[in-house]
Amino acid sequence: MAKIYNLLLCAGASCISSGGYSFRDKLVEELKKHKLEGMVNIVETGCVGICELGPVVIVYPDGVFYKKLKPEDAKDIVEEHLLKGRVVQRLLYKEKDSEKIVQQATQIPFFQKQLKIVLRNCGIIDPESLEEYIGKDGYSALAKVLTEMSPEDVIKEIKDSGLRGRGGAGFPTGLKWELVRNSKGDEKYVVCNADEGDPGAFMDRSVLEGDPFSVIEAMTIAGYAVGAKQGYVYVRAEYPLAIKRLKSAIKKAYEENLLGKNIFGKGLDFDLEIRVGAGAFVCGEETALMHSIEGQRGTPSPKPPFPADKGLFGKPTLINNVETYANICQIILKGSKWFSSIGTEKSKGTKVFALAGEINNTGLVEVPMGTTLREMVYEIGGGLPNNKKFKAAQIGGPSGGCIPAEFIDTPLDYESVKKLGTIIGSGGLIIMSEDTCMVDLAKYFLEFTQDESCGKCPPCRIGTKKMLEILDRISKGRAKQEELDLLIHLGEQICKTSLCGLGQTAPNPVLSTIRYFKDEYLEHINEKKCRAGICFKKKK
Amino acid sequence: MDREKILKKYEPTRENLLYILHDIQNSKDEKYLSEDDLVAVSKYLKVSRSEVMGVATFYTMFSVKKRGHHIVRVCVSPPCQLMGSDTVFNYLKKTLGVKEGETTDDNMFTLETSSCLGVCAVAPAMMVDDDMYGNLTPEKIDEIITKYREKKNG
């Protein structure tokens, strides 16, 4: 056996949770047994994206993709593939309809439609290896910024790229950077919002687990551009693996003087710390998040003042989310022209969507903005299990709404989705079949936001509770028809009067399902009927 | 590590409050923050007791009541609900013989819920302490629970 193999083992939280490490341990044991440890390199990477098939491994140089691995499969991979050069057929990916066996990861339709900018290194490099990150052009963006560009140049480049915030609101990123740069004050902060709490969204976790250096480098560039010497990454405590890898990456960056004083010998000082949450969804809201970093209760404050003027510790603060930062280095390296050539007229670049719910291929998908929902569901997602009929997709989690089947050809970009009364949000995409009751779905989301409401402002605290009571009565067939109008009225008022984004968007799932599935609500009220057969069965 | 050592690890500034509370809670078998803990933290940071209590009770991952050695958090987010987390949750309640928020008689497990664990692609999911488990079925749950019980006995 002359050649040396690299085994890329997905060590994202999804693959680990389906037994990835038990497989790894067995693999190491088998390699030892055959004295192959020296010839085979196991690289634990971040999320490969196709979580449904996990645990997965890609064997290089052949590029063979093995899926749904159990510990006992390690023996075959070692004895057949590594020793005898015979691909283990039974562990390969099969196309659903044609039953065609696909050997290479690149030939799987799930990957073919994707364009990876944010997730470019996820599943390819060892996330804790600075060398591998540098091998993939890591830190060339910071080098370019510090040697060739003024802070104004950096901001212009980001502005020209058309990048907009990926956390939900879609605010132009370059403009935000400029506001912070122009804000008066010697002390400024750069913050990364990694408090990804939207049910159904998990791209930020994957970036931190799979490519933490890209966020660290981007935040350093941001520090240079806006004039901040201190950065914070606020990560939710539910993501221990992301915290561990980010911690290790920060430590290595300090060791190589990529963080700290006089970075690259170019006079830039930038320190970076992690702050860990403690289970409060509202901390994803930027003002609440900053209070939590300060060690306070994570409740939001009214805006203005905006963080750019008065943020963390009362100082001008730049706050972007993980996915937004993950775009920055590529924009610097490849230029704003390249970036703005991707996507639609007003929504530039790519968006990472988290495909979940009733869909064959669940996982993370990065596509150019403007990719249609149909492409997502049928080409990338591989359709619904058991050929069930697509009913709707919930987009943007508890702050978003649904896109019903009749609008399946909608391009997924900020504007088109907004026209349907919903938002891209953080990019959660939950696919639902005819077996889902829309009243029940709306209730779940409202239960969620009602539970997570911090209680500071009455519209959100009391309003969502009242809405939930009405919804509950509807789902039990005890509501009157007038109550549906009251529900809409309440929802609209809560949107207008709540203090922060949580309350302002909490009624969206309800309003959106009423908009497209009013007949289902009326059936529950008038006929005590749930066409999905869910509501009246429940003993809740 | 005892409480004094944990406190000394951090500068006495307010922004370290969450870290300190996490560390103290994790250092204890009963995974909670006692009255004494809160008083000690308040003295160390020179922050009033009510403020410390306010923070400790705001965040769902802190508890001021005694809990079990292991915290089981079942994800009850809509993606998990769609994939059958109700069944998983009910099965856990039955197996452990507790309701939500309660601790088993042997003080091994406390059963809690989480609004989203962020592993929606392998729903339904749960977390035991820092370890994530996905694609749950009753059989898998039995395996996991047995593993933790055996670890304690063996």
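Computed from the coordinates by the stated procedures, all read-outs in this text should not be read as laboratory data. Keep in mind that what you see is a predicted model, and the values were worked out from it rather than measured. Cβ: placed from backbone, ideal geometry, glycine included. Neighbour counts: every protein chain shown.
Taking +1 at the Cβ of each Lys and Arg and -1 at the Cβ of each Asp and Glu, which of A:LEU163, A:GLY284, A:ALA228 sits farthest along the dipole of the range A:138-291 towards its positive end, judged by Cα position relative to the Cα centre?
A:ALA228
Could you state the principal axis extents of the C-alpha atoms in the range A:372-461, from the largest down, to the nearest angstrom?
Answer, in whole Å and largest first: 44, 29, 19 Å.
Using a basic spin-label model with each label point 7 Å from the Cα along Cα→Cβ, how many nm lie between A:GLU29 and B:THR137?
Result: 2.2 nm between the two label points.
Residue by residue, what Karplus-based ³J(HN,Hα) values in Hz, rounded to whole numbers, does the range A:323-328 have, using 6.51, -1.76 and 1.60 with θ = phi - 60° and x for Gly and Pro?
Calculated HN-Hα couplings, in order: 4, 4, 4, 5, 7, 4 Hz.
Which one of A:CYS437, A:PRO307, A:LEU31 has its Cα pushed farthest toward the positive end of the charge dipole of the protein assembly as shown, where Lys and Arg give +1 and Asp and Glu give -1 at the Cβ?
A:CYS437
By a straight-distance test (C-alpha under 24 Å), which lysines pair with A:LYS35 as possible cross-link partners, with residues fewer than eight away in the same chain excluded?
Within the straight-line limit of under 24 Å, A:LYS35 reaches these lysines: A:LYS3, A:LYS26, A:LYS70, A:LYS75, A:LYS84.
Whole Å is fine, so just give me how far the alpha carbon centre of the range A:222-269 lies from that of the range B:140-154.
If you average the Cα positions of each part, the centres end up 39 Å apart.
In chain A, what percentage of the DSSP-assigned beta bridges are antiparallel, given to the nearest 5? Could you put the intermediate results ahead of the total?
Working: 30 of 57 bridges.
About 55 percent, rounded to the nearest 5.
For a quick check: with amide H placed at 1.01 Å from N, whose amide H comes under 5 Å from A:LYS348's, ignoring anything fewer than 5 positions away on the same chain?
A:ARG164
Taking neighbour counts of Cβ atoms within 10 Å as a proxy for exposure, in what order, fewest first, do A:PHE111, A:PHE213 appear? Intermediate results must be reported in sequence, preceding the final value.
Numbers: A:PHE111 19, A:PHE213 27.
Going from least to most buried by this count: A:PHE111, A:PHE213.
Quick check on my link table: of B:LYS28/B:LYS147; A:LYS465/A:LYS518; A:LYS261/A:LYS315; A:LYS229/A:LYS310; A:LYS346/A:LYS418; A:LYS247/A:LYS310, which ones sit more than 23 Å apart, alpha carbon to alpha carbon?
A:LYS247/A:LYS310
Need one value for A:272-282: mean number of C-beta atoms belonging to other chains within 10 Å of its residues' C-beta atoms.
Numbers: counts 0, 1, 1, 4, 4, 4, 12, 9, 5, 3, 1.
Mean partner-chain Cβ count within 10 Å for A:272-282: 4.
At R0 = 22 Å, how high is the FRET efficiency between A:LYS136 and A:GLN104 if r is their beta carbon distance? Nearest 0.05 is fine. Display every interim value, and only then the final one.
Values: r = 20 Å, r/R0 = 0.92.
It comes to 0.60.
For chain A, state the semi-axes of the equivalent ellipsoid (square roots of 5 times the eigenvalues of the alpha-carbon gyration tensor), sorted largest first and rounded to whole angstrom.
Numbers: eigenvalues 285, 219, 76 Å².
Square roots of five times the eigenvalues give 38, 33, 20 Å.
Give the average, rounded to an integer, of partner chain Cβ atoms located within 10 angstrom of each Cβ in A:48-55. List each step's numbers first, then the result.
Numbers: counts 0, 1, 1, 7, 3, 1, 4, 0.
The shielding value for this peptide is 2.
Give the long-range amide H neighbours of B:PHE109: residues separated by 5 or more places, or on another chain, with amide H under 5 Å away, using H modelled in the peptide plane at 1.01 Å from N.
Amide H neighbours of B:PHE109: B:HIS69, B:HIS70, B:THR104.
So for the range A:307-464, Kirkwood radius off the Cα pairs, Stokes-Einstein at 10 °C and 1.306 mPa s: how many µm² s⁻¹?
Numbers: Rh = 17.5 Å.
Reported coefficient: 91 µm²/s.
Taking the alpha-carbon centroid of each part, what is the distance from the range A:41-71 to the range B:101-134 in angstrom?
Using only Cα atoms, the two centres lie 26 Å from each other.
For A:LEU522 and A:ASP97, what does the FRET efficiency come to when R0 = 30 Å and r is the distance between their Cβ atoms, rounded to the nearest 0.05? Write out the running numbers ahead of the final one.
Numbers: r = 38 Å, r/R0 = 1.26.
The computed FRET efficiency comes out at 0.20.
For the range B:1-108, what is the convex hull volume of the alpha-carbon atoms per residue, in Å³? Write down the numbers at each step before the final one.
Numbers: hull volume 12.1 nm³, N = 108.
For the range B:1-108, the hull spanned by Cα atoms encloses 112 Å³ per residue.
Could you let me know the centre-to-centre spacing of the range A:385-441 and the range A:305-365, using Cα atoms, in angstrom?
Cα centroid to Cα centroid, the span is 21 Å.
Out of the range A:149-210, which GluC sites (Glu not before Pro) are coil in DSSP terms and have no more than 15 other C-beta atoms within 10 Å?
Working: sites: A:GLU152, A:GLU157, A:GLU178, A:GLU187, A:GLU196, A:GLU209; in loops: A:GLU187, A:GLU196.
Here the GluC sites (Glu not before Pro) that fit, given the DSSP loop and packing criteria, are A:GLU187.
Amide H to amide H, which residues 5 or more places from A:GLY401 or on other chains are under 5 Å from it, using H placed in the peptide plane?
Those lying under 5 Å, H to H, from A:GLY401 are A:ILE395, A:ILE423.
So, in nm, how far is label B:VAL128 from label A:TYR21 when the simple model puts each one 7 Å beyond its Cα toward the Cβ?
1.2 nm
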